[in-house]
Ligand SMILES: [Zn+2]
């Protein structure tokens, strides 16, 4: 029987993969390092090895696999299955769909990671039963996914929902996207102010000046080492400066959410990703409060704000569900 799918959450340093049954139940999970070193072949080798490992663990083989779905960061050319930019891997315009299809002789779907995560929540998680949903996943950056009228909205080229690069503060902080204005300076993208990376950059300044001892202890002053767990521990320690910084990021996230409410009039916003997993309700409610203060009152009344149900599984699960659906 060919009743299984694999889904990937493909990151710049790690990949997380799931083996999923036709009915959406997760059978196996696997974490592996993403290794490419500028070589697409090496990346594909690693992905194929992960698939084989998942199948072996479940005593299955490739003949029982129906399709593969991949959630990849940033802009994706959905039609052609091309990942436009994976800076950590030294790869651009990566034709991942074609390469994996050639190797596996199976249908492959490549989707933006947060589109996939939002789809999982819509299909069977926090947004089940809704028709108009915005998904926002703050982490290294801030990804977004849009379900409009019951369908995943990808835009003209597959790049819709880049909520992290909406500009919420002119003359703001430099963003990884590199957008820059000759006169006004940096653009002040949402993710430069509210992502885990943004919070981490603020926290190491506190750490360096002796105002965030737990951060100094856990991560030193290297912001790339300030993971969500480090931020959560610093908040739990009751440090007022840390709490203020995290609340500020949450309020900016709320501004981004408010803009989404005003443009798309969603019934539900689902917040996913590692940051909300670790920071939980207080962070979520701070963002919600800011959203309610900044969006049009007529639209904001009926919007619910919830946390992802699938957590770490969301992106890989959504990718496998989308692959299953597109095959059918
Ligand atoms: Zn940006």
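Computed from Cα atoms, the angle from the helix 274-294 axis to the main principal axis of the chain rounds to 60 degrees. Working ranking of peptides 51-57, 271-277, 113-119, 304-310 by packing, defined as the average number of other Cβ atoms within 10 Å per residue, highest first, is 113-119, 271-277, 304-310, 51-57.
Just for the chain, what percent of DSSP beta bridges are antiparallel, to the closest 5? Before the final figure, lay out each step's value.
Working: 30 of 49 bridges.
Taking every DSSP beta bridge within the chain, about 60 percent pair in antiparallel fashion.
By the gyration tensor of its Cα atoms, with a ≥ b ≥ c the square roots of the eigenvalues, what is the shape of the stretch 162-252: rounded for a/c under 1.5, prolate for a/b over b/c, or oblate? All intermediate terms of the calculation are to be shown ahead of the outcome.
On the way: a/c = 2.33, a/b = 2.03, b/c = 1.15.
Note, shape of the stretch 162-252 comes out prolate.
Please work out whether the chain counts as rounded, prolate or oblate from its C-alpha gyration tensor, where a ≥ b ≥ c are the square roots of the eigenvalues and a/c under 1.5 means rounded, while otherwise a/b larger than b/c means prolate and anything else oblate? Prolate, because a/c is 1.5 or more and a/b exceeds b/c. Find the centroid of the Cα atoms in the stretch 3-58 and in the stretch 106-148, then give the distance between the two in whole Å. When both Cα centres are located, 19 Å separates them. Length available on full extension from residue 221 to residue 282: 0.36 nm per residue minus the Cα-Cα distance, which gives 19.4 nm. To the nearest ten degrees, helix 40-57 and the longest principal axis of the Cα atoms of the chain are 70 degrees apart. When you restrict to C-alpha pairs under 8 Å that are six or more residues apart and normalise by the size of the stretch 56-169, the relative contact order lands at 22 percent. With a/c under 1.5 counting as rounded, go ahead and sort the stretch 1-150 into rounded, prolate or oblate using the C-alpha gyration tensor (a ≥ b ≥ c being the square roots of the eigenvalues; past the cut-off, prolate if a/b is larger than b/c, else oblate). Because a/c hits 1.5 or more and a/b fails to exceed b/c, the stretch 1-150 counts as oblate.
What does the highest-first list of 248-258, 152-162, 20-30, 74-84 look like by mean Cβ count within 10 Å? Display every interim value, and only then the final one.
On the way: 248-258: 23.5, 152-162: 16.7, 20-30: 14.9, 74-84: 19.3.
Highest-to-lowest ranking by the protection proxy: 248-258, 74-84, 152-162, 20-30.
Once the Cα atoms are used to define both axes, helix 240-264 deviates from the longest principal axis of the chain by about 60 degrees. Applying 1/(1 + (r/R0)^6) with R0 = 51 Å to the Cβ-Cβ distance of residue 151 and residue 174 gives a FRET efficiency near 0.90. How far apart, in nanometres, would the label points at residue 240 and residue 209 be if each is projected 7 angstrom from Cα along the Cα-to-Cβ direction? For residue 240 paired with residue 209, the spin-label model returns 1.5 nm.
Read the figures in this text as sums done on the coordinates, not as results from a lab. The shown structure was predicted, so the numbers you read here are calculated from the model rather than taken from an experiment. Because the Cβ atoms are built from the backbone with ideal geometry, glycine has one as well, and the counts that use them run over all protein chains shown.
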